[in-house]
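Student: This is the structure, below, for whatever I ask next.
Derivation of every value follows stated rules applied to the coordinates shown; laboratory data play no part. Just so it is clear, the structure is predicted and the values come from calculations on it, not from any experiment. As a convention, Cβ positions derive from the backbone with ideal geometry for all residues, glycine included, and neighbour counts pool all protein chains shown.
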Amino acid sequence: MIRPTFEEFEQLADQGNLIPVYRELPADLETPVSVFLKLRSNEPAFLLESVERGEQVGRYSFLAANPQRRLTAYDDHVVVQNNGDAEMRQLAHDQDPLSFVEAHLK
């Protein structure tokens, strides 16, 4: 089942323009890595897992491929790519790149 439903999506769209859409799949025969390898093709992709320290299995896995927007952090700048257009943004001295990402998502 795809989440949110279309009706929920419409309600969320009234509150903002960044709405995650996802589908839960039974994964009895798959691992997060095997699914990631099937999805990624040649496009940029990522796999994030919520493995706790010392554990073998995580509670959640997040996969995404072919993003609309991509942020790449370097030592002193971040490159923002949006549908093929790239823009370089300078980071403030000792600025944490994740704070830039957080501000960019708001």
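Student: Among the residues of the stretch 16-72, which ones are polar (S, T, N, Q), more than 20 Å from Arg3 (Cα to Cα) and within 16 Å of the chain's Cα centre (by Cα)?
Tutor: Applying the first criterion (polar (S, T, N, Q)) to the stretch 16-72 yields 17, 31, 34, 41-42, 50, 56, 61, 66, 68, 72.
Restricting the remaining residues to those that are more than 20 Å from Arg3 (Cα to Cα) gives 31, 34, 41-42, 50, 56, 72.
The answer is Ser50, Thr72.
Student: Given the residues Glu87, Glu49, Glu43, which is the only one that is more than 18 Å from Leu18 (Cα to Cα), touching a Phe, Trp or Tyr at 6+ places or on another chain (Cβ under 8 Å) and either of a type in the set (D, E, K, R) or exposed (fewer than 12 other Cβ atoms within 10 Å of the Cβ) (or both)? Lay out the reasoning, then the answer.
Tutor: Values: Glu87 fails: touching a Phe, Trp or Tyr at 6+ places or on another chain (Cβ under 8 Å); Glu43 fails: touching a Phe, Trp or Tyr at 6+ places or on another chain (Cβ under 8 Å).
Answer to the selection: Glu49.
Student: Could you list all residues from the stretch 51-106 that are closer than 30 Å to Glu30 by Cα, part of a strand (DSSP E or B) and free of Cβ contacts under 8 Å to residues at least 24 places away in the same chain?
Tutor: Residues of the stretch 51-106 closer than 30 Å to Glu30 by Cα: 51-72.
Next, only the ones that are part of a strand (DSSP E or B) stay: 61-65, 69-72.
If the condition is that a residue be closer than 30 Å to Glu30 by Cα, part of a strand (DSSP E or B) and free of Cβ contacts under 8 Å to residues at least 24 places away in the same chain, then Phe62, Ala64, Arg69, Thr72 are the ones that fit.
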